[in-house]
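S.K.: Handing you a structure now.
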Amino acid sequence: MIDGTAGVSGRRDPDEALLDNPDALAEHDPGGMLRHTASAGAQVRESAALAAEANLGVLADDGRPRAVVIAGIGTAGRTGDVLATVAGPRCPVPVIPHRSAGVPGWVGAADVVIAVSASGRSPEALGAAEAAHRRGARLVAVGAPDSQLQAAAERARAPFVPVPRRAPARASLWALTVPVLLAARTLGLVKVNEADLAETAARLDADADRCRPTAESFVNPAKSLAIGLAGSVPIVWGSSPLATVAARRFGDTLSANSRYPVVSGALGEAGRGRVGLLDGVFGGLVEGERDIFADPDEERPTGTRLRLVLLRDGGLNAEDDTDEPLAVEERRADAVQTLAERRGVRCDVVTAEGGSALERLASLIAVPDFASIYLALAHGLDPMAVPAITEMKELANQ
Ligand SMILES: O=P(O)(O)OC[C@H]1O[C@](O)(CO)[C@@H](O)[C@@H]1O
């Protein structure tokens, strides 16, 4: 074990055996990040019930808005990306995630602002709630009960969905996302129905079960994904807009939980530039030096190398939910797998399952969420405590 600055201790080389030792897992996860993450399905059900009590119906009183702005930062900000992708390219109004304080200059009485903050106190969400009120935009707020955000919503006489606080915010993705989607449903912008919510919750429960700490690495998809990523520079690309949201989410959790550098984004965009990484010093150049006779399961390459994680959507219905033909996305996903294989870059594929956009998204997020935690634990890092975030806030506020 080594100690870094800020009292963070961990080991440079991952201890894979630790992943199959439930006592050691619990010891390294004192805040219960695995347990919080396993509550994703319950979060969907709870938030759906809380949203149903929040009088979201008033949002629809003035009809369809000109635009919807989802204001928040970090995980709260990701909920805006989820809404934009679930609403899809045929959504009749622009859906705009906004990650800085306040709201865009054009926001006015014709628009809706959804302010989201797990703690209920981020300057970004608070600034947006206040600006929306000042400009006469319709407002709905989602966040911790009895928070500054709740007070701001009350001042604006706006609906507020009180989402119980879990620390840290990134363990609350589903709790925050569902009220955002249900607010948009009230406005007629998404088709998410009760069955979609129930099936998404069931999918998250089933994945949490497959990824539970007592399920050993050879049957646990999150542990095996973590072991594959250990020591690598992960590249996470999503084959569709939906899968790209999941890819960016994996970028968030790999950075914050596992403290790994990661390249994440859309495969379509990557194919026009970032795919060049596969040929570089962490890709083809180092892989070319590997002993081709070594047992791929035994050998852990010495040079840092890339590991590609491809999140494949496959789409639901080519007519309805994609802005380019499904076949194009699929061909591109096949192509990058071939390219990685030619360079000797290992590739993990997670394929979406489920009958709705939300369930498919859940199926691309659940296993990677757990993998990021197992990767942290293999390195002896507490996946919950990220002192650099607090230190950064303190330094920035000086
Ligand atoms: O959802 P909140 O509480 O507004 O926080 C926004 C972001 O800020 C952090 O709390 C870090 O300060 C993240 O964990 C979070 O996603």
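The values are calculated or read from the model by the stated rules, or taken from the named source; none is laboratory data. Fair warning: this is a prediction, and the values are worked out from it, not measured in the lab. Methodologically, a virtual Cβ is constructed for each residue, glycine included, from the backbone with ideal geometry; neighbour enumeration extends over all protein chains shown. Surface accessibility is based on the protein's heavy atoms, side chains included, excluding ligands, DNA and RNA. Shrake-Rupley method; radii C 1.70, N 1.55, O 1.52, S 1.80 Å.
S.K.: Just checking, does the range 198-215 include any residue being assigned to a strand (DSSP E or B) and either in contact (Cβ under 8 Å) with a residue 40 or more places away in the chain or in contact with a Phe, Trp or Tyr (Cβ under 7 Å, 6 or more places away or on another chain) (or both)? I'd like the intermediate steps shown before the answer.
M.R.: Filtering the range 198-215 down to residues assigned to a strand (DSSP E or B) leaves none.
So far as the range 198-215 goes, no, none of its residues is assigned to a strand (DSSP E or B) and either in contact (Cβ under 8 Å) with a residue 40 or more places away in the chain or in contact with a Phe, Trp or Tyr (Cβ under 7 Å, 6 or more places away or on another chain) (or both).
S.K.: Could you tell me how many of the residues in the range 209-250 are under 25 Å from T177 (Cβ atoms), open to solvent by 10 Å² or more (accessible area, probe 1.4 Å) and polar (S, T, N, Q)?
M.R.: Number satisfying all stated conditions: 1.
S.K.: Could you pull out the residue among F370, F293 that is of a type in the set (F, W, Y) and modelled with pLDDT under 95?
M.R.: Working: F370 fails: modelled with pLDDT under 95.
So the residue among F370, F293 that is of a type in the set (F, W, Y) and modelled with pLDDT under 95 is F293.
S.K.: Could you tell me whether any residue of the range 347-367 is in contact with a Gly (Cβ under 8 Å, 6 or more places away or on another chain) and surrounded by fewer than 15 Cβ atoms within 10 Å (Cβ to Cβ)?
M.R.: no
S.K.: Residues G108, G120, G77, G143: which one is out of contact with any strand residue (DSSP E or B) (no Cβ under 8 Å at 6 or more places or on another chain) and among the small types (G, A, S)?
M.R.: None of the other options fit; the residue is G108.
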